[in-house]
Amino acid sequence: MPALLPAAGRVVMISGASRGIGAAIADRLLADGYSLSLGMRTPTPPADPERVLTHRFDAKDLPTAAAWVEATLQRFGRLDALVNNAGIFRNVTFDEGSEDDLDELWAVNVKGPFRLTKAALPHLRAALHGRVVNICSTDGKRIRDHSASLGYVMSKHALVAMTHATRFAGWHDQLRATALCPGAVETELVQNVPGAVPGPGRIEPATIAETVSLLLSLPDNASIAELVVNTRLESTL
Ligand SMILES: NC(=O)c1ccc[n+]([C@@H]2O[C@H](COP(=O)([O-])OP(=O)(O)OC[C@H]3O[C@@H](n4cnc5c(N)ncnc54)[C@H](OP(=O)(O)O)[C@@H]3O)[C@@H](O)[C@H]2O)c1
């Protein structure tokens with residue numbers, strides 16, 4: 001087993017690559033030398049058409065998940081990693097938010113990654129050394145305080161659970177999966193999160209992208225199931 005896996009020749013799918021953390025991950029992995037398949041609700045022409053495919057993926061438009069995986073295989077002939085990054089925030093507590101908000105959180109943050117993972121699994125198994133990185137949150141690990149969105153927290157706990165299920169589903173085919181759980185990251189999403197760490201204390205998207213780059217490079221015998229990247233001091237996180 002090599003000390004680190006090489007980037008060249010490996011194909012990575014990233015959902016929600018249009019902006020925020022997803023766009024930063026795409027920039028970082030392109031610089032590393034990966035070939036990329038970028039899922040976007042409204043695809044834009046790729047900056048580097050040699051190594052980058054852009055394709056429509058909308059978690060609320062069910063067939064786009066399998067169609068995007070299929071297009072990736074057609075273009076590159078293989079799939080080595082899936083980064084489930086696309087996600088939304090809605091404020092749902094016992095007092096605020098609606099049933100529709102809760103359904104939307106479940107549709108985008110949970111069912112989207114489920115559908116993509118299901119479609120990608122046979123190809124990730126076949127690739128050997130396949131990788132899945134799910135962008136969860138510290139909200140996937142605990143409920144911070146009374147101001148937290150329970151709806152968002154529940155969706156991210158579900159994504160952490162799905163990560164562990166993915167590890168069991170692929171382990172014997174050398175597939176490894178990680179639940180990456182950042183605290184507040186400086187993107188549009190965090191602007192709507194009540195009680196989030198304010199501006200200067202937030203993580204830069206490029207820092208999360210660097211972490212994803214590291215995770216994809218780790219060999220099969222250095223598997224990280226959960227990685228919490230926190231901005232605050234919290235017991236056990
Ligand atoms: N920012 C934080 O503090 C923070 C912390 C921990 C974890 N996270 C997680 O990190 C991930 C990325 O968040 P971000 O902060 O980068 O948010 P962002 O800047 O708001 O970007 C969200 C991304 O998700 C896409 N998206 C939204 N709805 C979608 C749908 N129905 N189908 C497919 N894609 C959809 C967006 O596409 P459009 O451009 O088309 O809208 C965009 O690319 C999310 O899973 C989020 O929960 C964020």
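In table form, for the structure just shown:
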| quantity | calculated |
| --- | --- |
| Pairs, first among the aromatic types (Phe, Trp, Tyr) in segment 30-41, second within 16 Å of the ligand (Cβ to nearest atom), C-beta under 8 Å, six or more apart | Tyr34/Val12 |
| Of the criteria (1) without any contact (Cβ under 8 Å) to a residue 60 or more places away in the chain; (2) under 29 Å from Gly195 (Cα atoms); (3) assigned to a strand (DSSP E or B), which one Ile14 fails | (1) |
| Matching residues in segment 175-195 - criterion: being more than 20 Å from Ser18 (Cα to Cα) and crowded, with 21+ Cβ neighbours inside 10 Å | Leu175, Arg176, Ala177, Thr178, Ala179, Cys181, Gly183 |
| Residues (within 24 Å of Asp173 (Cα to Cα), of a type in the set (A, V, I, L, M, F, W, C) and away from the ligand (no atom under 12 Å from the Cβ)) located in segment 131-151 | Val132 |
| Residue match in segment 117-129 (condition: on the phi > 0 side of the Ramachandran plot, more than 16 Å from the ligand (Cβ to nearest atom) and at pLDDT 95 or above) | yes |
| Qualifying residue in segment 61-78 (condition: under 19 Å from Val133 (Cα atoms), away from the ligand (no atom under 16 Å from the Cβ), modelled with pLDDT of 95 or more and surrounded by 20 or more Cβ atoms within 10 Å (Cβ to Cβ)) | no |
| Tabulated pairs, segment 163-175, first of a type in the set (D, E, K, R), second buried (at least 18 other Cβ atoms within 10 Å of the Cβ), C-beta under 6 angstrom, 6+ apart or interchain | Arg167/Ala177 |
| Residue in segment 80-88 that is surrounded by fewer than 22 Cβ atoms within 10 Å (Cβ to Cβ) and closer than 23 Å to Gly195 by Cα present | yes |
| Of residues in segment 191-234 being free of Cβ contacts under 8 Å to residues at least 24 places away in the same chain and not in a loop (DSSP other than H, G, I, E, B), the one farthest from the ligand (Cβ to nearest atom) | Leu214 |
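The values are calculated or read from the model by the stated rules, or taken from the named source; none is laboratory data. Keep in mind that this is a model prediction, so the values were computed, not measured. Reconstructed Cβ throughout: ideal geometry from the backbone, glycine too, with neighbour counts over all protein chains shown.
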